[in-house]
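Heads up: the structure comes next, in structure tokens.
The values are calculated or read from the model by the stated rules, or taken from the named source; none is laboratory data. Please read these numbers as outputs of a predicted model, since none were measured by experiment. Using ideal geometry, Cβ is built from the backbone for each residue, glycine included, and neighbour counts are taken over all protein chains shown.
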């Protein structure tokens, strides 16, 4: 029984992982190294390559998080017998063999094991240990994977962000092939029409080609193109292809294989192949197995020979839902099934027809969901707009109601104020009227001269504002004040009897001389023909005999007065309205 047959399944898996990285075909040496480090693959790799070597993700006690589960369904694809990947064989990345390589490996095997063990022991003890690269002892692996090969710079750390690694892989591919991604080439075409970047000018006299950006330097050229690669990790590319219902084209290369440069140069820049990928919206992702993400992708896809191409897409499984499935895998030199013509024909005749029904259905479902989402958004916007308008209507109605209430309250307050003022004015008028009536009654008792009916008395006829004629005889010695007092007494209501007239002036006002008192006569006496006014003047003791128009008697018109509009107390004019009904004038018979 061989040494490998005696291993457990877990030990065989770890041996396969170490062989895949180191490209060694001597399992006994690998088993010895793994046994010396207690089957820790990472420690074995560090013992071989040092700190800068590749890393294997540590095993977890808990089940690892699976981003995507891939199914392989490429049994219908006819592969070359030498290039078909074997999903069930241990994954290995074979190294290029030369003459005498097997004999040399046998000779240096003991030294390799001893150097590896010493290197591991020294690393554990933190003692510097020189690398054995000068002896050529590398377990059959080539230094190009993580060191330098053909002038290439050393790879970055395995802990680098997958996006950074993918972008660097694309840039190196552009530098190696002299081609540009389709999107960059389209940008160059767009720059041809930009003013200042056209033909002519002094750009040819610039210091050197590196003094201008790459896109500007190539604007007069029509560069070769490579597909637009997804600059992210493989898992993210897988998610993107599933979400967008697209075919994912995975391209893996290895610097350890001499077929990779020709594949990158002849296949990835082939116009027909690039157009087929671009026109069908194929999502492309690429990487090198010397990087962590590329190595893990190779394990997931079962890649054993490079260059390696796989087409992955959603595919309907029996009695199960759609799943991301490896539709086909291609590996080997670019003169076989990985040639541009073979891949293009296979993509158009096999891959797309197989996955088109599922992808079209998924896209239709996505479009339906998107339509429903937009419809819901439009309905939500319409509902929100309706709510907003209803809210505005409610607020407007409330505002109108508030303004109406305020207007009603204002009108009610104004009406109440007007009513109060009217009441106050009415009360004031009543007070003034009562006060005026009191003064008139006092004047009737104290100021109106008695009617003596002597031979010298003269009759005077008074035409009241109401049209009533009142006749009274006055002595020539009676004062004009007495005449005015008599006329004023005609406005006293009939209900007020003369015997009830007050003896003293209203309000306790002392009057020493009735002619000098400031009487508030609200009328004046006038002679109709010739037109003249019998004026009353405060303090003037004129008599009836002093007025020529009244010496033999006469007709006098009583004219009511009202205050002028400008508010001057001295300016008065005849009233055009008659006295209130309650101010009745006694008839001539009552006199």
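A few points about this structure:
- Condition met for residue 424 (without any contact (Cβ under 8 Å) to a residue 12 or more places away in the chain, more than 30 Å from residue 246 (Cβ to Cβ) and surrounded by 11 or more Cβ atoms within 10 Å (Cβ to Cβ)): no
- Residue in the range 494-509 that is farther than 21 Å from residue 551 by Cβ, in contact with a strand residue (DSSP E or B) (Cβ under 6 Å, 6 or more places away or on another chain) and in contact (Cβ under 8 Å) with a residue 24 or more places away in the chain present: no
- Checked against (1) farther than 17 Å from residue 494 by Cβ; (2) assigned by TED's automatic domain parsing to the domain that holds residue 544, residue 442 passes all but a single condition, namely (2).
- Within the range 276-285, tally of residues that are in contact with a strand residue (DSSP E or B) (Cβ under 9 Å, 6 or more places away or on another chain) and either part of a helix (DSSP H, G or I) or farther than 25 Å from residue 363 by Cα (or both): 2
- Filter pass, residue 482 being closer than 19 Å to residue 445 by Cβ and without any contact (Cβ under 8 Å) to a residue 40 or more places away in the chain: yes
- Among the residues of the range 264-275, those identified as in contact with a strand residue (DSSP E or B) (Cβ under 7 Å, 6 or more places away or on another chain) and closer than 12 Å to residue 176 by Cβ are 264, 268, 269.
- Being assigned to a loop (DSSP other than H, G, I, E, B) and farther than 28 Å from residue 163 by Cα is a condition met by at least one residue of the range 302-318.
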